1. How big is Rg to Rh over the range 191-241, alpha-carbon atoms, Rh as the Kirkwood inverse-mean-distance radius?
2. Please report the net charge: other residues with Cβ closer than 12 Å to the Cβ of residue 149, K and R +1, D and E -1.
3. Using the crude model of +1 on Lys and Arg Cβ and -1 on Asp and Glu Cβ, and no other charge, please compute the dipole size for the range 442-530 relative to its Cα centre, in debye to 20.
4. How big is the Cα convex hull of the range 110-192 in projection, averaged over all directions, in nm²?
5. Report the full-extension gain for the segment residue 284 to residue 501: residue separation times 0.36 nm, less the Cα-Cα distance, to one decimal in nm.
6. Each label point is 7 Å from the Cα along the Cα-to-Cβ direction; what then is the distance between the points at residue 336 and residue 104, in nm?
7. Which order do 24, 375 fall in if you start with the one that has the fewest other Cβ atoms within 10 Å?
8. Filter the DSSP H helices in the chain by two things, a Kyte-Doolittle mean of at least -0.5 and an axial alpha-carbon span of 24 angstrom or more, and list the hits by number.
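Computed from the coordinates by the stated procedures, all read-outs in this text should not be read as laboratory data. The structure presented is a predicted model; accordingly, all values stated were derived computationally and were not measured. Note: ideal-geometry Cβ built from the backbone for every residue, glycine included; neighbour counts use all protein chains shown.
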Amino acid sequence: MTVTISEAELDAALAEAHLPALLMSLVHLTGDASLLTQERRPAYVLLADGKLGGYHEAVQADIRDRAKAAILAHLAGAPLPPPPSPETVRRMMDWVAGADIPGNYAAFLTDELSLTGADTKSPNWTPEARKAGAKMKVVVVGAGMSGILAGIRLKQAGLDFTIVEKNPDVGGTWLENVYPGCRVDNPNHMYSYSFEPNHDFPYYYSTQPVLLDYFRGVTARHDLRPNIRFETTVEGAVFDEDRAVWRVEIQTRDGDRETLEANILITAVGQLNRPRYPDIDGLETFEGPSFHSARWRTDVDLTGKRVAVIGTGASAYQFVPEIAPKVAHLEVFQRTPPWPLPGPTYHDEVPAGKKWLLEHVPFYGKWYRFWLFWMLTDGFYEAVKADEGWKGGPEAVGEANAMMRGMLVEAIRAQAPNRPDLLEKVIPEYPLGGKRGLVDNGVWMAALQRDNVDLITTPIERVTPRGVVTTDGVEHGADAIIYGTGFQASRFLWPMRIVGRGGVELHDTWNGDPRAYLGMTAPGFPNLFILYGPNTNIVVNGSIIFFSECSVRYVVGCLELMAKAGAATLEVKREVHDAFNVRVDAANARMAWGSPHVDSWYKNAAGRVTQNWPFPLVDYWNATVAPNPDDFTLGVRATAEA
Ligand code: NAP
């Protein structure tokens with residue numbers, strides 16, 4: 001198809017361009033690596049409007065002029081020169097990042113960048129492995145982001161699989177969370193499968209309906225629906241040691257109980273799925289409507305009502321600004337303030353010109369995604385890592401952390417210069433990175449400064465039929481209460497009962513302290529793979545889709561190992577699992593979220609961080625590129641069954 005664009009339209013599109021990514025396209029279009037001069041290397045600086053600036057104006061104009069000529073020539077049919085050499089690509093990475101990316105990132109980032117357009121994480125099994133794998137039966141629990149991905153990869157590997165989903169549709173969290181203002185807080189051009197880019201996302205940070213559409217679209221393109229049993233709940237699974245199969249107990253949409261048999265069980269149920277209601281006296285006595293953010297009552301009209309919101313985490317941060325203008329009076333009960341991270345484009349639409357560049361300019365989308373990936377993930381890692389022997393006080397964990405804290409506190413102050421009373425409440429005392437930072441474009445502080453909104457920081461004593469009573473004895477009358485109090489994250493896989501070798505139940509083994517090797521496998525539970533399992537959550541942005549892509553590649557790699565070896569079981573060695581967890585704990589203790597001054601859902605009751613990956617993302621990529629056969633015991637069937 002011939003692509004045409006007027007010069008005026010192209011000028012307008014180039015005005016919207018992310019210039020470092022455009023410069024990389026220019027290198028591809030011209031084959032001229034000498035364009036990578038120091039003056040064209042961005043020095044990202046935070047501008048007064050919160051946006052990142054990188055180039056002098058003359059350099060900007062120069063890049064745009066050159067890009068315009070090269071794009072027009074490309075559209076007119078000029079062939080692409082040979083691709084840049086690996087050394088040039090390596091330099092290009094540094095240029096886009098505006099930093100010298102450490103050498104150990106090269107393989108990882110080359111994979112992520114995938115300039116050839118190849119889906120590098122798709123399974124590439126030998127015909128023999130495929131033949132053996134075709135006899136395997138897999139059950140996947142959940143058809144959210146990770147379950148869909150598992151289905152795609154299993155299908156590509158030619159395996160027989162069923163995805164069991166409790167809801168009537170795919171999408172998981174993006175199906176269930178319909179609260180006003182729900183949207184992803186990662187830039188969408190990164191929060192999307194690497195092999196399913198969407199150049200037409202309407203927003204930089206998509207809203208829930210857009211994301212649900214995206215996941216439905218991916219499901220349709222990969223024709224997964226025939227493999228999904230909707231409105232069917234997995235209640236538990238028992239490993240039959242003699243036959244080396246999981247007996248998966250399900251409840252169908254008609255309420256019938258059935259048992260599915262599978263060689264492999266993959267759970268893809270997320271961490272943030274089961275609402276957590278606060279442990280406050282009198283909750284059940286409230287006479288008006290009350291509901292959790294993840295169970296939003298669309299039938300309750302909040303217009304003109306007095307509303308109490310409990311919690312100020314990621315969900316409340318999104319819905320409070322949406323409901324504030326509608327309600328008569330809103331009281332937001334805060335226990336701990338969140339850290340806002342400036343994101344001026346948070347609610348912005350992607351301009352048409354930028355969409356055009358993403359779709360039509362060779363490699364622009366690839367480099368734009370790469371830039372987001374670097375800046376928002378490992379580029380930020382050092383700032384939330386503790387300095388050894390840090391003596392600077394509990395509000396930070398190191399010098400870089402303290403410096404970043406200072407910048408963010410200024411950004412908060414600038415949003416309410418005349419409200420010292422409010423500032424005192426919203427500036428966190430714990431270190432940045434202790435809890436998940438929330439993307440901020442000013443709407444939160446604007447909502448809190450409305451005449452009809454109050455931020456209450458006096459602790460809650462109880463809920464009464466008429467409202468919320470705080471410890472100072474004040475009763476805050478409310479017509480509705482909304483719980484933005486998060487999820488039962490550390491009860492991984494709950495309420496399913498997973499019974500492994502020797503009749504041992506997984507939660508009993510964990511005893512409130514969930515652990516797995518690389519978040520995925522546990523000794524005593526052969527052929528069980530957990531996606532988004534213990535210690536695979538991320539705090540300072542980064543995309544959980546990246547983790548899922550790594551995990552699923554690894555799991556499918558394990559199945560390939562089994563297929564090649566003709567093994568009936570694969571089970572992680574206890575010493576491998578235990579040694580990994582020792583490393584995880586030591587590393588988590590060095591991160592802001594492991595600080596003893598932070599209390600969060602990332603930690604279990606004993607204070608151990610059970611949720612988070614404490615290393616750079618590159619380490620997860622390296623650890624999961626392919627399974628190490630030495631980490632596992634491969635077993636044959638106990639009976640003579642073929
Ligand atoms: P959350 O971050 O766990 O926040 C729960 C809030 O409720 C916190 O402010 C917590 O205070 C408060 N709280 C809990 N129990 C309380 C009690 N008994 N009394 C008073 N306050 C109480 O939950 P969430 O906002 O639903 O977010 C959970 C996670 O989901 C996020 O971290 C994020 O990973 C994900 N999420 C992502 C998005 C997105 O991508 N846009 C949106 C929503 C959620 P404390 O801090 O003091 O515990």
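1. Values: Rg = 15.7 Å, Rh = 13.7 Å.
That ratio is 1.15, to two decimals.
2. Working: positive: 121, 153, 155, 553; negative: 119, 196, 549.
Residues close to residue 149 contribute a combined charge of +1.
3. On the way: 7 positive and 9 negative charges, 101 e Å.
In total the dipole reaches around 480 debye.
4. Details: hull surface 29.2 nm².
Across all orientations, the range 110-192 yields a mean hull projection of 7.3 nm².
5. Working: separation 217, 0.36 × 217 = 78.12 nm, distance 4.05 nm.
Computed gain between residue 284 and residue 501 is 74.1 nm.
6. Placing both labels 7 Å beyond Cα along the Cβ direction yields 2.9 nm.
7. Details: 24 29, 375 19.
Neighbour counts put them in this order, fewest first: 375, 24.
8. On the way: long enough: 57-75 (27 Å, 0.08); 544-565 (31 Å, 1.21).
Correct list, ordered by number: 57-75, 544-565.
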